[in-house]
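Below: the structure, in structure tokens.
Since every read-out is calculated from the coordinates, none of them should be taken as a lab result. Bear in mind that the values here come from a model prediction, so they are computed numbers and not experimental data. Because the Cβ atoms are built from the backbone with ideal geometry, glycine has one as well, and the counts that use them run over all protein chains shown.
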Amino acid sequence: MVVDTSKPQGAMAGPRYIESLKDGREVWLDGERVSDVTTHPALTGMVHELARIYDLQHSAEFGEQMTFVSPETGNRCSLSWQLPTCADDLKHKRRNSEIWNEQSWGQLGRSPDILAPHIITLYNSREALAAVKNPHCDFGENIANYHRLCLENDLFLTHALGDPQVDRSEQPQNEQRAVLEEDIALHVVEETTEGVIVHGAKQLATAAPISNETYVSLSATFVRRADPRFVLAFSIPTNSPGLKVLCREPVSQFPGSYGHPLGALYDEQDSMLFFENVLVPWDRLFMLYEATPLLQRLGSNVNFMGWANLCRIHFRMRLMAAVATMIAEAIGVIEYREVAAKLGEMATYCEMWRHAMDGVEHGAYMTDGGLMSLGSMSGMNIFFAQTSARMVQLLREISGSGMIMQPSENDLANPDLRPYLDRYMRGKGVGVEYKSRLYRLANDLAVSSFGMRQEVYEYWHGGDPNRNRINLLRTFDQSAVTDQIKDLISRPLPH
Ligand SMILES: Cc1cc2nc3c(=O)[nH]c(=O)nc-3n(C[C@H](O)[C@H](O)[C@H](O)COP(=O)(O)OP(=O)(O)OC[C@H]3O[C@@H](n4cnc5c(N)ncnc54)[C@H](O)[C@@H]3O)c2cc1C
């Protein structure tokens, strides 16, 4: 069943979300086509966990904090999709993002709250998009209509930006690469009265198998193209004919949640997208053949994406620091100077991040597009790409071998083994069950397949950190200090 967008119902609810995924989408996992993503063992945990959080949008406890009343339909809609027009809106949106991340333990890089700001950012550029003329559609109108559709139906989007990792030796802006791109990178092969036919692939899209639609565009690395057929931005339903979704090896397939409390619920999947002559209707295109508005947006300081990602990272940092602290207490090492200093280092990162978030909020401003943007967050994604790895390392160092040597649920249930576990595997003032469950959580943050996938995600999700560092350097205004230095070194020496 597809989402019935003709009767918008506002904020998504769990059952509606689950039903919306039963739409004939072509998802492949481990060589087999998945008949129903909502029941497949590798995906069902994540699907039902998202359904649970969607239901909170309708709960007495969280409903008001996660939704607002749509002026158009009167429906309560998700705050993720609200167009912020004042500082208060930003505060409400921050609280909504905090709830999404408190509920999902900061583990979802592609929660529904994450992609909504991408569409809001495009909406904010609607005049620049409209300035690019096309005989078949108005790109500015398209994005405004699409935002409305997403808002009123609370669609779950992912995005796909990069080219397949086949040959990075030639850059897409080089003419000679065109032959290779012809085969692999996504491009327009034909225009019809209904839209454009696209062919090629994207690497990669997190959560594609379990989302309603994918926003397809070009990242900063790939936006400059020699061949305009490769310049396009659009959004399409996951069940579009010709779209194949290939999942990676799951990191969720563990029996029960005891051993892997995070992996069992938050494997959001990552996937390749193969487009086999897929029709993209004219009203779903936001850009075609001309990258100027996308480049302008990349170069601007407009920041609607902030809260979703910053709140996620903040919660993930606090989770790692708290688990490390509880482990240090549980094995009686918290008083050791070296351990306490490491925990203090973790606390430092959490505090720096909190202050930075407050700074981003303080720098909020009204954009030319008429929306209230958060202030600049330049450097923050780069900072976290390096800090996350450091925090994982500190968690491992503080935890020692207990990180891997813990009894299983069945070991604990075995009466022959249990006395040994109670005696030799307990902690300081805590029983074996508490200690092993705590350590299992640490394992899912710093050791398991799930934990390692999260760590790889943290490094790459903001794009290549080295490219980002270089881009930051190029826009980092040092003129005041360099002028002062030049003045100093041009003065006569005192002697
Ligand atoms: C878990 C995970 C989830 C992701 N989810 C999404 C998603 O949902 N949507 C999405 O669009 N993307 C997603 N990504 C992709 C992510 O944005 C990319 O991984 C990132 O931009 C780097 O691109 P790449 O993986 O193709 O690496 P490559 O670009 O192939 O880089 C490989 C190596 O080559 C170097 N290199 C490459 N090109 C150059 C160059 N020109 N000059 C110098 N060095 C170079 C890089 O620094 C790196 O060391 C995800 C990635 C991961 C790991």
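Assorted remarks:
- Spin-label model distance (nm) - Ala340 vs Thr475, 7 Å beyond Cα toward Cβ: 4.3 nm
- Computed from phi, the 3J(HN,Hα) profile of region 33-49 under the Karplus parametrisation 6.51, -1.76, 1.60 (θ = phi - 60°) reads 7, 7, 7, 8, 5, 7, 10, 4, x, 7, 10, 5, x, 5, 4, 6, 5 Hz, with x in place of Gly and Pro.
- Residue-averaged [θ]222 nm for the chain, counting only DSSP H segments that reach four residues, each worth -39500 (n - 2.57): -14000 deg cm²/dmol
- Distance distribution P(r), the chain, all Cα-Cα pairs, bin width 20 angstrom from 0: 21, 53, 22, 3, 0 percent.
- Evaluated at q = 0.09, 0.17 Å⁻¹, a Debye calculation over the C-alpha positions of region 351-495 (equal weights, vacuum) places log10 I(q)/I(0) at -0.55, -1.04.
- Estimated distance in nm for a label pair at Val166 and Arg418, the labels positioned 7 Å out from Cα along Cα-to-Cβ: 5.9 nm
- Projection of the Cα convex hull of region 14-298, averaged over all directions and equal to a quarter of that hull's surface, yields 15.8 nm².
- Between the listed residues Leu21, Asn471, Ser125, the Cα displaced farthest toward the positive end of the dipole of the chain, a dipole computed from Cβ unit charges relative to the Cα centre, is found at Asn471.
- Residue (of Met346, Ala446, Ile404) at the positive-pole extreme of region 334-470, dipole from beta-carbon charges: Ile404
- Protection proxy ranking, peptides 90-101, 415-426, 239-250, average beta carbon neighbours within 10 Å, highest first: 90-101, 239-250, 415-426
- Computed label-point distance, nm, for sites Met405 and Leu279 using a 7 Å Cα→Cβ extension: 6.4 nm
- The HN-Hα couplings worked out from phi for region 315-325 by the Karplus form 6.51 cos²θ - 1.76 cosθ + 1.60 (θ = phi - 60°) are 5, 4, 4, 5, 5, 5, 5, 5, 5, 4, 5 Hz, whole numbers, x standing for Gly and Pro.
- Between Glu32 and Tyr289, the C-beta separation translates, for a Förster distance of 35 Å, into a calculated FRET efficiency of about 0.35.
- Aspartates and glutamates with Cα under 20 Å of Lys93, excluding same-chain neighbours fewer than 8 positions away: Asp55, Glu61, Glu64, Glu72, Glu102, Asp113, Glu152, Asp154, Asp358, Glu361
- The lysines within cross-link reach of Lys244, meaning a Cα-to-Cα straight distance under 21 Å and a gap of 8 or more places when in the same chain, are Lys22, Lys202.
- Under 24 Å from Lys342, Cα to Cα: lysines that are on another chain or at least 8 residues apart: Lys428, Lys435
- About the Cα centre, charge dipole magnitude for region 301-482 (Lys/Arg +1, Asp/Glu -1 at Cβ), debye: 220 debye
- Averaging the sequence gap over all C-alpha pairs within less than 8 Å and six or more residues apart, then dividing by the number of residues, gives region 14-298 a relative contact order of 22 percent.
- Placing +1 on the Cβ of every Lys and Arg and -1 on the Cβ of every Asp and Glu, with no other charges, gives the chain a dipole of roughly 1240 debye about its Cα centre.
- By average C-beta atoms within 10 angstrom, highest first, the peptides 471-483, 455-467, 13-25, 262-274: 262-274, 13-25, 455-467, 471-483
- With a Förster radius of 56 Å applied to the beta-carbon distance between His495 and Ala389, the computed FRET efficiency rounds to 0.70.
- Between Tyr457 and Glu351, the contour length at 0.36 nm per residue exceeds the Cα-Cα span by 35.9 nm.
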